[in-house]
């Protein structure tokens, strides 16, 4: 392992070593880098969720049924994947 994991407590170093041993990454540095990337991605998704919730809280009441709302969401999701 590199110097980075050696700065962590022994249980953390052991956990990192176990993850690397189970093919979670080629080495400790790659595994830790992947954790940082996933953490940033999670934070971005959480921020987007909170923004959507805030938008919903401040939006006006609409006349659409729940079925129409979900149909619109599904259609937008399909367009986003295209």
request  = Quick one: count up the residues across segment 12-38 that are surrounded by 11 or more Cβ atoms within 10 Å (Cβ to Cβ) and either touching a strand residue (DSSP E or B) at 6+ places or on another chain (Cβ under 8 Å) or in a helix (DSSP H, G or I) (or both).
outcome  = 16
message = Criterion first (without any contact (Cβ under 8 Å) to a residue 40 or more places away in the chain and outside any helix (DSSP H, G or I)) does residue 41 satisfy it?
response = no
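FYI, it's all coordinate maths here, none of it is from the lab. All values reported here derive from a predicted model rather than from experimental measurement. All Cβ positions, glycine included, derive from the backbone under ideal geometry; neighbour counts span all protein chains shown.
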